Structure formats: structure tokens, C-alpha cells
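Structure record follows, encoded as C-alpha cells.
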Amino acid sequence: MIPEIGNLALSFALALALIQFVIPLIGVSTNNWRMVLVAKPAAIGQFVFVSISYACLTWAFYINDFSVLYVAQNSNRSLPTAYRLGATWGGHEGSLLLWALILSVWTFAVTQFSQTLPALTRARVLAILGAISIGFIAFILFTSNPFDRLLPIYPVNGSDLNPLLQDPGMVFHPPLLYMGYVGFSVAFAFSITALLEGRVDNLWARWVRPWTIAAWVFLTLGIAAGSWWAYYELGWGGWWFWDPVENASFMPWLIGTALLHSLAATEKRGVFKAWTSLLAIAAFSFSLLGTFLVRSGVLTSVHSFATDPVRGMYILFFLAIVVGSSLALFAYRASTVSVTSWFGWLSREALFLLNNLILAVVTLMILMGTLQPIFAEMFGLGKISVGPPYFNLVFNILMTPLIFLMGLGPIVNWRQFSVKLLIERSRVALVVALLFGLSQIYFQADKSLSEQLQIFLGMFLVAWVVIQTLTDWYRRSKRKSGFKPFNISASHYAMYTAHIGLVIVLIGVVLSSHLSIEKVVRLGVGDEQKVEGYTFHFDKVENFNAANYDGIRGTFSVYQEGKVVAKLTPEKRQYHASGQWMTEAGIDSTITRDLYMALGEKLPDSEDWAVRVYVKPYVATLWLGSILMGLGGLIAISDKRYRTRRKKVVSDTPTDAPNDNTADAKAEA
């Protein structure tokens, strides 16, 4: 009965999404304010019914209702409760329902936190979000229904959740990622509304910016969580593999970063209005493209789920409608929001423009590398593999000048800046950064010339950005009355924190990529292996049992200068339901290094094991820096400019309507 309630609730949500999309737009065109105000209760109702539907699916997993096809395919009685609940989004159908739920959450948030918006603007935004909801809920109901039954015959114990997903990282990684993906739909809806109204101004940018920052923060943390999960779960010792599905989440992040900077320029100086609208469209379009790549089955990846061409064609058709219609509207209406505003070639506006152009080019190059194998196979050109060498080359060449510009951004003024003052403010940082970069080459004299150059560039950029950021912070904190570091605005502290976070990530990227040591060795119990000043001693190997898998665990003591500094316990697990074997790495992590071991196969006719040993310097800074970047976003949202009280509402409601507050009160009554 519960699955039928979930299916019915989802059908009601689809009906309310249709009402949310159609009725308010009719009201806007006919000057009927009562129809306009339908958008808010319809959006709230849609949120309620999608939540009920999702709760029903979650309950089906909790009680092991294997008469539901999706539950039978993605769960098992022996699964721990946390993984059973996580299995709700572990497959294609459930992940799309999670997408619809999160979209309804963002829509509900717009109804609650956009009270200062003009009534017609808010109605248009909610109507556009309703249109997106229609596409996804219809997709779920007609091609990917998670409530389909297996009656009268169904399995007693179910199948199993993919062992790769039976991990704590997968409990919170997809929701974080989807919150970021779907969050860009709000910026998209605001952009389409602005194009329809022909109005992009400072106030519009102030409305859109906190929503965009929130989506960017979630996506940043989601990507970082996925990288961390891959690092410790897959047993390869890597944190980024340029997997096509990793690229699918990285591309909207890059465009979202460009959008944040463009919104800042629009809010401060009223420039880049058309560019900002286009980036908002592009950010959500790349989110939809990521959904198509993951859910259509055109990619082979540990992350992808669907292989049904019907589903793929639906998503492709939906993507074409959303992207095509929004770009057509932009082409038709961009002139109504564009503005000509003068700024010098050396100004913060110019730096932001370069920043956005570089990020856009990087995104397009990653898109080309991701789609090229698909197009080659489609046109009968054979199988082409585009791997890390291509992506690393493109990324390094284009991101180096971008990070250099990050160091200039805080010290350059809006509108115009003098070259003399730029040199005066930058020369110390430039010299110190060059010396710091060269010192790293001295300590790595055994590396190849190419590696030395990359280490130099990476460490030069780290020092350059950090020194410029700290210098600007000190300059802004210095007052006639003394040093007052807390008198700086939240937006500046947000910028400092995010920029420092990015260069801390850069430290992990450069040093872990070029200074990591890897050895694959043959060890038996009692044997030891020296790697980079550490001695790894194989203490014992033992069998163990868990609720849903059996395993083999090796125990290793790690010595440095005769003292035990770590205990590592890598495992090999065989899952009961599927019979699959998985590797679980043993890791001891500090801020300066990770000791990482993966237990391989037992060698034939021997008591020895193949063991993979890594010493990885500063790899933990990858995730520390990502957290700081997210913290920077949270600080930006806390800016008092985005917490305006409802003292006065700018109203563009029809002439026969009361003001927005009164109208909302009547509608809610």
C-alpha cells in the first residue's frame, strides 16, 4: 500500500507542478493577481507531495519491501540500516526522485526567502522552477518509476546494493552533489525571468547572488566528498581520475565559479549583465548535461547507473528543450539587459572578465575531451580514449594564468587602476613567491626538468596568492585609529577564505602528484619494507565477518626511527549477496602526509601477498582546502546585504492588486 501512496503523491506533485507553471504565467499575461499568487501555494504543495513520495520509497527500503522492483534490485536483508536508507538513491530511479525532491526543496526555499521580490518576479521564478519540475517528475513517472511492483512473485532477500556504494561516503556525497546541481536552477530561473522582464540591475544581482553561492558551496563540498570517497575506497591511491562523470560535475562548478564573479561585478558596478544571464543559463545547462551523461548510459563509469536508451532519449530531448529555448530567449532579449559601461584595461572588471573567459574556455575544453569518444563511436570512427594527459595539459596551461590573476584581484580597484600602484603593491609578493618557488626546486633536485617546472609554478602561485591576500587584508585593516581586522566586510573575508582554500588545494595537487612514492611489493607475515624513511612491518593477516560481507584483514605496523607511528589495516571484502570482492585501503593521515596501503591478491603456491604501499605528501590539504572554500561561500552568504528586512517591498503587481504582503496574506488565508 505504501508504494501506491508514493506513486499517487508523485502524480499529485506533477499536477501541482503543472499548476505552478501554467496558472501564474496566465495571471501575469492577463493582469490577474489572484492567478499570479497561485505560484506560492502550488510550490509548497509540490514540495509536500514529493516529500511524501520520497518518504514512501525510503520506508519501502527500511522494511525490505522486495515486492517493489527498485528495492529488490538495490537492497538486501543483510544490508545495515544506514546503507538501506542510502540505497534509496543508489540506483537510477531513486537518484532521480532525490533530484526531484531537492528541486522541490529549493523551490520551497524560494517561496520562503524571497519575500522582498516583486510579486510578478517571484511568480515568474516559481513558474520556471515548476516547468523544470514537470520535466523531471514526468520522467520518473513514465520511464523510471521507482514504485513499480514485482507481483505476485518477488525475491525473498532482494539483490544487493552495488558494493562500491556500501560506504559512508556515498551516504552524503550524492545529496551534497545534487544540492549543488539543482541549486543552479534557481539562478537559471532568475535569469530567464530577468530576460522576460528586460531587467538586470544591481538589485537583481543581489537577489540572485546568495542562491548561486549556496549552490556553489554544496557543489564544492559534493565534489570534494566524491574525491575523498574515490581516494580511500577504490584502492588506487588517486583522488581524481578525469572520469567522464567526474567531469560532468566539475564543468558546472567551473561555470558556477565564473557566474559568482560575474554577479559580483554586476552587483557592484552594473556591468556584465548579459554575460551574467548567459552564465546562469550555462551553469544549469551543464548540470542537466551532467544528468544526461550519467543517466543515459552513454558513458561507462563506476558512477553511472542507467543503460536504457529510452531514458537517454528523454533526457536528451528535455535537455534540448531547456537549453535551446533559454538560449533562443537570450539571443532575442539580450539587448534589453546589456549595458555599455566604461572601465579601464587595468581594473577589477577587466580581471573578472579575463577570469570568466578562462573558466569558460577550460569548461569547453573539458567538454570536448569528455564527448569526443562518444562522437567518434557515434560516427563510426572507432573507439578513442581521451585520458588524463590531455586534461592535465589543458588544465595546467589555462589555470596557471587564472590563479595568477587571483593574486591581483584583491588589490586592483574597480573602474581603473594605475600600473605604478600595481607594481608598488605587488613587487614584494612577486620576489618572495619567486624565491619560494625556486627553493622548492632546490629541495627536489632529483626530479625531472618537467616535474621541477611544475613544482616551481605550483609553489610560486601558492606563495603569490597567499602573500597578496594577506597584504590586502592588512592594508584594509589598517586605520588611523589602529589595526582593526574585524572592520572588513564579510564579502572580503569570504573572498580571502575561498582564495586561500583554493591555493591550499593547489598545494595538495602539486605535491601529492609529483612527490608521492608508490611501491608494489611481495610481503609475507613477519616481512617488512622500507619506503621513504618508513618501515612497514606485516604483523598478521586474519579472516573476519560482518553483517553483509566476509573479509580478510592485514595488520601492518609502521615505524619511523624505531618508533611505531601508525597501524594500518587494509582489507579485502567479499559481499554475501553479489559475491564481489572489494578492496578497502588502510590509511593513516596527517596534514603533511598519508601512509596508504592496499592489500592485493595472495600469491599462488605461497604465503606471501601482493601489497601496494604509498607515501603521499600533503594529500589531506586537498580536502582541507575544499572545506575552506565552502566556508568562504558561507561567509559570503552571511553578508548583511542579503539579510534585508521586509520594510518596503518593491511592487510591480497589477493595478487592481493590493501590495505583495497583503496579497500573500489573503492567498495563504
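How do the pairs read when you match residues in segment 484-500 that are under 16 Å from G630 (Cβ atoms) and at pLDDT below 90 with residues anywhere that are of a type in the set (S, T, Y) and in a loop (DSSP other than H, G, I, E, B), using Cβ under 7 Å and keeping only pairs 6 or more apart or on different chains?
From residues that are under 16 Å from G630 (Cβ atoms) and at pLDDT below 90, the pairs are A490/S638.
Go through segment 435-459 and report how many residues are among the aromatic types (F, W, Y) and either touching a helix residue (DSSP H, G or I) at 6+ places or on another chain (Cβ under 6 Å) or open to solvent by less than 80 Å² (accessible area, probe 1.4 Å) (or both).
2
Scan segment 78-95 for residues that are within 30 Å of V186 (Cα to Cα), surrounded by fewer than 24 Cβ atoms within 10 Å (Cβ to Cβ) and aromatic (F, W, Y) and report the count.
So the count comes out to 0.
Do we have V525 as within 30 Å of S448 (Cβ to Cβ) and in contact (Cβ under 8 Å) with a residue 12 or more places away in the chain here?
Here the answer is no, as V525 does not meet what is asked.
Do we find that F147 is farther than 28 Å from S227 by Cα, in contact with a helix residue (DSSP H, G or I) (Cβ under 6 Å, 6 or more places away or on another chain), open to solvent by less than 20 Å² (accessible area, probe 1.4 Å) and part of a loop (DSSP other than H, G, I, E, B) in this structure?
Judged against the criteria, F147 is a match.
Filter segment 513-535 down to residues that are closer than 30 Å to S626 by Cα and either in a strand (DSSP E or B) or among the small types (G, A, S) (or both), then give me how many there are.
Count: 8.
With touching a helix residue (DSSP H, G or I) at 6+ places or on another chain (Cβ under 9 Å), under 30 Å from W581 (Cα atoms), of a type outside the set (D, E) and crowded, with 22+ Cβ neighbours inside 10 Å as the only criterion, which of P174, P155 stands out?
Just a single option satisfies the conditions, and that option is P174.
Determine whether segment 438-448 contains at least one residue that is part of a helix (DSSP H, G or I) and under 29 Å from the mean Cα position of the chain (by Cα).
Within segment 438-448, none of the residues are part of a helix (DSSP H, G or I) and under 29 Å from the mean Cα position of the chain (by Cα).
Each row is one residue, and each column tells you yes or no for (1) out of contact with any His (no Cβ under 8 Å at 6 or more places or on another chain); (2) of a type in the set (D, E, K, R); (3) in a strand (DSSP E or B).
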{"site": "K572", "(1), (2), (3)": "yes, yes, yes"}
{"site": "A577", "(1), (2), (3)": "yes, no, no"}
{"site": "D588", "(1), (2), (3)": "yes, yes, yes"}
{"site": "E601", "(1), (2), (3)": "yes, yes, yes"}
{"site": "A610", "(1), (2), (3)": "yes, no, yes"}
{"site": "W623", "(1), (2), (3)": "yes, no, no"}
{"site": "G632", "(1), (2), (3)": "no, no, no"}
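Quick test of your reading of the structure: L98 fulfils all but one of (1) part of a helix (DSSP H, G or I); (2) open to solvent by 30 Å² or more (accessible area, probe 1.4 Å). Name the failing condition by number.
Only one criterion in (1) part of a helix (DSSP H, G or I); (2) open to solvent by 30 Å² or more (accessible area, probe 1.4 Å) is unmet by L98, namely (2).
Out of the residues in segment 383-434 meeting the condition of being charged (D, E, K, R) and in a helix (DSSP H, G or I), tell me which one is most open to solvent (accessible area, probe 1.4 Å).
For segment 383-434, the residue satisfying everything is K420.
Look at A636 and say whether it is part of a strand (DSSP E or B), small (G, A, S) and open to solvent by less than 20 Å² (accessible area, probe 1.4 Å).
no
Give segment 585-606 a look and list any residue that's touching a strand residue (DSSP E or B) at 6+ places or on another chain (Cβ under 9 Å) and either modelled with pLDDT under 90 or hydrophobic (A, V, I, L, M, F, W, C) (or both), or say none.
Hits for segment 585-606 are A585, I587, L595, M597, A598, L599, G600, E601, K602, L603, S606.
State which residue pairs qualify: first residue at pLDDT 75 or above and inside segment 362-387, second residue among the aromatic types (F, W, Y) and open to solvent by 60 Å² or more (accessible area, probe 1.4 Å) in any location, beta carbons under 7 Å apart, and separation of 6 or more residues or different chains.
Cβ pairs passing all conditions: G369/Y390.
If you take the residues of segment 454-512 that are of a type in the set (F, W, Y) and in a helix (DSSP H, G or I), which of them is farthest from L393 (Cα to Cα)?
F486
Conditions first: (1) open to solvent by less than 10 Å² (accessible area, probe 1.4 Å); (2) among the polar types (S, T, N, Q); (3) within 30 Å of T193 (Cα to Cα). S75 passes all but one, so which condition is the exception?
Just one mismatch for S75, condition (3).
Give the residues of segment 542-570 that are within 15 Å of A610 (Cα to Cα) and either assigned to a strand (DSSP E or B) or open to solvent by 40 Å² or more (accessible area, probe 1.4 Å) (or both), sorted by residue number.
I552, R553, G554, T555, F556, T569
Looking at the structure I just gave you, is Y534 among the hydroxyl-bearing types (S, T, Y), buried (at least 17 other Cβ atoms within 10 Å of the Cβ) and within 29 Å of P163 (Cβ to Cβ)?
No: the conditions fail for Y534.
If I filter segment 282-294 down to residues being in contact with a Leu (Cβ under 7 Å, 6 or more places away or on another chain) and open to solvent by less than 20 Å² (accessible area, probe 1.4 Å), which single residue comes out as modelled with the highest pLDDT?
Looking at residues that are in contact with a Leu (Cβ under 7 Å, 6 or more places away or on another chain) and open to solvent by less than 20 Å² (accessible area, probe 1.4 Å), I get A283.
Is it the case, given these coordinates, that A55 is open to solvent by less than 40 Å² (accessible area, probe 1.4 Å) and part of a helix (DSSP H, G or I)?
No: the conditions fail for A55.
Looking at S557, S578, which one is under 38 Å from the mean Cα position of the chain (by Cα) and at pLDDT below 90?
S578
I'd like the full set of residues that are surrounded by 18 or more Cβ atoms within 10 Å (Cβ to Cβ) and either closer than 17 Å to A109 by Cβ or not hydrophobic (A, V, I, L, M, F, W, C) (or both), limited to segment 17-43.
A17, Q20, P24, G27, A39, K40, A42, A43
The values are calculated or read from the model by the stated rules, or taken from the named source; none is laboratory data. No experiment lies behind these values; they were computed from the predicted model shown. Ideal geometry is used to build each Cβ from the backbone, glycine not excepted, and the neighbour counts take in all protein chains shown. Side chains are part of the model used for accessible areas, which takes the heavy atoms of the whole protein and leaves out ligands, DNA and RNA. Shrake-Rupley method; radii C 1.70, N 1.55, O 1.52, S 1.80 Å.
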